[in-house]
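The structure appears below as structure tokens.
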Amino acid sequence: MTRSPEPQVASAQRQLEALLEDVGRRGTTPPDPSVRAQLSCLRTLLSLMEADEHLRSPGQRLSLLRRARAHARTTTVLTAHLLNEATHPR
């Protein structure tokens, strides 16, 4: 038997989606590394939350976890870039 996400989880997902839209709207063109890192981090969280829903098939879950991993890698690379810039200003 499958069950729907807990109300708190569904609410958190809606809040993250709204935040993702807000950060995306106020971003610069081209987006600076800080905004890109924030967006990537939010996408990681959303993918992980979606993968944890009990209504997902094993294939869907695997796909969402892989997406989360890709976003997490992007966040890591962008954060490393920001740290380098802060440590070694030009």
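The values are calculated or read from the model by the stated rules, or taken from the named source; none is laboratory data. Predicted model only: the values in this text are computed from it and were never measured. Cβ sites come from the backbone with ideal geometry, for glycine too, and all protein chains shown count toward neighbours. Note: accessible area is taken over every heavy atom of the protein model, side chains too, but ligands, DNA and RNA are not part of it. Shrake-Rupley method; radii C 1.70, N 1.55, O 1.52, S 1.80 Å.
General remarks:
- When only the Cβ of Lys, Arg, Asp and Glu is charged (+1, +1, -1, -1), the dipole of the chain relative to its Cα centre reaches about 280 debye.
- Global geometry of the range 1-71, whether rounded, prolate or oblate, following the gyration tensor of its Cα atoms and the 1.5 cut on a/c: oblate
- Dipole axis of the range 14-89 (+1 Lys, Arg; -1 Asp, Glu on Cβ), positive-most option in 86, 51, 33: 51
- For the range 56-69, Karplus couplings with θ = phi - 60° (6.51, -1.76, 1.60), whole Hz, Gly/Pro x: 7, 6, x, x, 5, 4, 4, 4, 5, 5, 5, 4, 4, 4
- Protein heavy-atom accessible surface, 1.4 Å probe, per residue over the chain: 72 Å².
- Within the accessible surface of the chain, defined with a 1.4 Å probe on protein heavy atoms only, the carbon and sulfur portion equals 56 percent.
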